[in-house]
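The values are calculated or read from the model by the stated rules, or taken from the named source; none is laboratory data. As the structure is a computational prediction, the values presented were derived from the model and not from experiment. Virtual Cβ from ideal backbone geometry, glycine too; neighbours counted across all protein chains shown. The protein model used for the area step is the full one, side chains on, heavy atoms only, and it has no ligands, DNA or RNA in it. Shrake-Rupley method; radii C 1.70, N 1.55, O 1.52, S 1.80 Å.
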Amino acid sequence: MSSTTPPTEKAGKRKGGPLLRLLTSVWFGIVLLTLILAYACIFSAMPQVRGALELTEMAAFSHWLFAALVFLFCVVLATTTWVRIRWNVKNAGVLIVHTGLLLLTGGSIWYFGTKIEGDVLLISPRIELLTADGKELRNGAMLAEKGQRWANTMPALGGRVELEVLETRGAGVEPVVSADVKVAIGDAAPQTLTLTAPDAGTQPISDRLTVRLSPATVERTFYDRFVAALYFGPAGTDLQHAALSALPLHRERYVDGPEVIRDANNRASPSKRNWPHVRLAGLTIPTGWFETWRMPIDVPTPGLPFDVQITGYLPYVRGFDTVAAEGGAELNPAVNLRFRISGRDEDVLLFARDPRESIVLDQSGLGVEYLWAESDAQREEWQKPLAGPHELTIEIKDPPVSQTLAVEAGQKISVPGTTYELTVDQLLPDWPLMTPGFENARSPVARVRVSNGEKSYDRTVVQRFPQLSQDIDEQGMRRREGPYDPNLVLRYRTSAAGWIRVIGGPAPESGYAVAVWDTRGGVQKHTGAFGASIAVSPGLAMTLVSAPIRAQRAMVPVVEPLETRRPDFERQKSAIRVKLTGRKEFSGWSQSLWLQFFSYPTVDATPSVVRGPDGREYSLLYSRQEHDLGGELALRRLRVNFFPGRRSAESWHSGFLTAVYKPDAERVPAHLRSSRSDLFAGAAVAGEVYTNQTHTFGRWTLFQSGAPSNDDWSWSSLGVGNREGIWTMVLGCILVPVGCIYAFYIKPVIVRRRKAEALAEAFRREASGRKAPVGANNKDLVEVGS
């Protein structure tokens, strides 16, 4: 006998292996939908999670884990649709819905997986007024457009100055390359000038003023919104760049370095994590499989004699402090000190060989001085106690007399065995020096009136530089070429308000000594250990942070306090620390420095210049990754519509010219394309973007992104992005409601009609005496009955 499947077997019973049963399981699909919903809710509604994982919202939804969940859901949906749903007119609704969902998810993966978004800064063409030596005048510019006028009264520069643009002429994508400008100064007759960039772009209009045509900037690249880049190369050349796709965005991430990162309130700002991991139940679990950021980051820098590694990232930097760091070419001892004053920290930087920067003096007269000894004997001499709060050493060559004594203002001194009479006229805690080579250096001084029976003069005795002491003779003339009386030598020291000396040398291995004088002249000697706190006075302590021998100035960031941070700055306030390490024959060389962020590497950006191990200078710049526009873009003008009262802008309209390159133009370097008219696919085309109005430029979509707040014409920022997968998602969004309408409104009509037809057929068969068939030959009636 042959076995047949009973006709009453459930239609939903699935056959096949365990994999097929899993992929056609409704519950498995529900689990996937739940996971996708939970992922979307967490990463959309919880920015703190995105911050901890260093993800933007765009990156979260283009992450491989989310893409894998969506792809698996699509596989389940497609498999279930093919295996479990009968392909007929009645089920067309669910088939359409599933097709729409597949298109929508597929388009979303395409969109997020290929999304690039950034912006380009466009500068308007302008007429500028300058001084004869080329200095720009404040508010001395206007749009280079026919009919524009500018006027201002400037008595120092000739009276009232009026400018009017009579005509402009463009070429290709550049809206203005030449302009006729009418100029009137004071009562002089107006004159008309033709300004042509660049050869005749600047012309004099008087002996004190010139006028210049600055054409609009022609842009061929735009800059990514999120992906940073390091620009590098020999100083003064076009810089290469390397994308920093693994750079963090939201949190402090840095490996230990020589400096302590602090905020503006002098609180330490430690790194949250410096590599992707989590700690759970005492275990360290790497999470690099999920988190995309890294620290440190090796940056490929071909053509440089050193390797570049990013060792730190700070998202919120308020400013930079100057510190000393190793890396100089010659001996230049420096010390970084930190003072704890009544619960707050203050950093001090001193350079031993710089007269101006080897000391700090506060208002009370307390001095902190850094000295580099040439010998051990000099090192000991610099730590001797004083005879009192003010000490004066008197040496007379003939007859030989030497004495050291405590003095005070107004004191008279008779030198035994000589005719010298001294009067301490003034004791000044802070005296500025003007001697060449010592400009703006400061020192305590004693002003002493001297008489020896033959001469009478005043001597200013400089504590820190006795060789600079000067005499004023009887006629009131200052003797700058040397002492008026070389027979008398005076030296002055004071600790009336306290005094601190940090002493290094004569060799790097000699270590550091710290001498602290009290207000009575007594001294306490300390060994200068880095990181150890030295009590100076009640409420005042000092710590040696570092003391580079071949020092150079370095910038250390000051972090924005946590309570005043704004999360909408993205990378605008960030900085990175780079470590440079010599390659091959320069393997012993290294240097570390911080680079601040610049939004545009070509606009108001200042590269950091370092001297490499080969003696050449190299530029480093931290900015954003650039992308090729595939054409040229230049701003014609920005127009702003204001609300009544003109206190705030209602909308911005940016008019521009575009020219798209041919596909093979990518083989030509970007900086050479402007001179190749054969690379363009056609003539320049005018375009405009404004609120809710975009413009298609090659494969990119342009939209209004930013505008100046202090004027309504000078520049415009256009957003640039691609829209891959948009129409696929639109089609999916259309199919889903169409399928739902079919399933909920058309399918019931079909079912009712078929039910009525089946019942009518059953009645006819019953009336004719035939049994109504049940089973495979009357599936509709079976389904209706079930």
>> Residues to consider are Leu101, Leu129; find the one that is in contact (Cβ under 8 Å) with a residue 12 or more places away in the chain, farther than 30 Å from Val738 by Cβ and of a type outside the set (Asp, Glu).
In response: Leu129
>> For the stretch 47-106, give me every one of the helices (runs of 4 or more DSSP H) that falls completely inside it and has 2 or more residues that are in contact with a His (Cβ under 8 Å, 6 or more places away or on another chain).
In response: 47-53, 64-84
> In the stretch 513-531, which residues are closer than 20 Å to Leu366 by Cβ and open to solvent by 20 Å² or more (accessible area, probe 1.4 Å)?
Replying inline: Asp518, Thr519, Arg520, Gly522, Val523, Gln524, Lys525, His526
>> With the requirement that a residue be more than 17 Å from Ser619 (Cβ to Cβ) and either among the hydrophobic types (A, V, I, L, M, F, W, C) or outside the structural domain of Leu593 (by TED's automatic domain parsing) (or both), what does the stretch 292-320 give you?
In response: Trp293, Met295, Ile297, Leu314, Val317, Phe320
> Looking only at residues in the stretch 197-235 that are without any contact (Cβ under 8 Å) to a residue 40 or more places away in the chain and loosely packed, with under 15 Cβ neighbours inside 10 Å, which one is nearest to Gly158 (Cα to Cα)?
Replying inline: Ala200
>> I need the strands (runs of 3 or more DSSP E) fully contained in the stretch 382-477, keeping only those with at least 3 residues that are out of contact with any Pro (no Cβ under 6 Å at 6 or more places or on another chain).
In response: 390-396, 401-406, 412-414, 421-432, 442-451, 456-462
> If you check Leu314 against the conditions, is it open to solvent by less than 30 Å² (accessible area, probe 1.4 Å), in contact with a Phe, Trp or Tyr (Cβ under 8 Å, 6 or more places away or on another chain) and touching a residue at least 60 places away in the same chain (Cβ under 8 Å)?
Replying inline: yes
> If you check Thr393 against the conditions, is it within 20 Å of Trp517 (Cα to Cα) and surrounded by fewer than 19 Cβ atoms within 10 Å (Cβ to Cβ)?
Replying inline: yes
>> Conditions first: (1) loosely packed, with under 14 Cβ neighbours inside 10 Å; (2) more than 26 Å from Ala551 (Cα to Cα). Ala507 passes all but one, so which condition is the exception?
In response: (2)
>> If the requirement is being aromatic (Phe, Trp, Tyr) and crowded, with 20+ Cβ neighbours inside 10 Å, which of these qualifies: Trp589, Trp594?
In response: Trp594
>> For the stretch 171-183, give me each residue that is at pLDDT 90 or above and either small (Gly, Ala, Ser) or surrounded by fewer than 19 Cβ atoms within 10 Å (Cβ to Cβ) (or both).
In response: Ser178, Ala179, Asp180, Lys182
> Out of the stretch 354-394, which residues are closer than 25 Å to Val407 by Cα and among the aromatic types (Phe, Trp, Tyr)?
Replying inline: Trp382
>> Go through (1) loosely packed, with under 14 Cβ neighbours inside 10 Å; (2) farther than 15 Å from Ser495 by Cβ for Ser364 and report which single condition fails.
In response: (2)
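Is it true that Val545 is surrounded by 16 or more Cβ atoms within 10 Å (Cβ to Cβ), within 18 Å of the chain's Cα centre (by Cα), touching a residue at least 12 places away in the same chain (Cβ under 8 Å) and within 29 Å of Lys272 (Cβ to Cβ)? I'd like the intermediate steps shown before the answer.
Numbers: surrounded by 16 or more Cβ atoms within 10 Å (Cβ to Cβ): yes; within 18 Å of the chain's Cα centre (by Cα): no; touching a residue at least 12 places away in the same chain (Cβ under 8 Å): yes; within 29 Å of Lys272 (Cβ to Cβ): yes.
No.
Rundown of residues vs (1) crowded, with 16+ Cβ neighbours inside 10 Å; (2) more than 30 Å from Pro400 (Cα to Cα), yes/no style:
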{"site": "Leu433", "(1), (2)": "yes, yes"}
{"site": "Ser456", "(1), (2)": "no, no"}
{"site": "Arg459", "(1), (2)": "yes, no"}
{"site": "Gln475", "(1), (2)": "no, no"}
{"site": "Thr494", "(1), (2)": "yes, no"}
{"site": "Ala497", "(1), (2)": "yes, yes"}
{"site": "Val502", "(1), (2)": "yes, yes"}
>> If the requirement is being modelled with pLDDT under 90, assigned by TED's automatic domain parsing to the domain that holds Ser590 and of a type in the set (Gly, Ala, Ser), which of these qualifies: Ala264, Ala329?
In response: Ala264
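Each row is one residue, and each column tells you yes or no for (1) modelled with pLDDT of 95 or more; (2) in contact with a Cys (Cβ under 8 Å, 6 or more places away or on another chain); (3) not basic (Lys, Arg).
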residue	(1), (2), (3)
Pro432	no, no, yes
Phe438	no, no, yes
Ala446	yes, no, yes
Asn452	no, no, yes
Lys455	no, no, no
Ser469	no, no, yes
Ile472	no, no, yes
Met477	no, no, yes
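Can you name the residue in the stretch 694-740 that is among the charged types (D, E, K, R) and touching a helix residue (DSSP H, G or I) at 6+ places or on another chain (Cβ under 9 Å) and is also nearest to Phe656 (Cα to Cα) among such residues?
Among residues in the stretch 694-740 that are among the charged types (D, E, K, R) and touching a helix residue (DSSP H, G or I) at 6+ places or on another chain (Cβ under 9 Å), the one nearest to Phe656 (Cα to Cα) is Arg723.
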> Pairs under 6 Å by beta carbon, first residue within 14 Å of Trp150 (Cβ to Cβ) in the stretch 707-719, partner buried (at least 19 other Cβ atoms within 10 Å of the Cβ), six or more apart or different chains?
Replying inline: Trp713/Ser124; Trp713/Leu143; Trp713/Leu638; Ser714/Ser124
>> List pairs: first residue in the stretch 412-439 and among the hydroxyl-bearing types (Ser, Thr, Tyr), second residue open to solvent by 70 Å² or more (accessible area, probe 1.4 Å) anywhere in the structure, Cβ distance under 6 angstrom, at least six positions apart or on different chains.
In response: Ser414/Glu421; Thr419/Gly453; Thr423/Lys412; Thr423/Arg449
>> Looking at the stretch 85-92, can you tell me whether even one residue there is within 30 Å of Val218 (Cβ to Cβ) and not aliphatic (A, V, I, L, M)?
In response: no
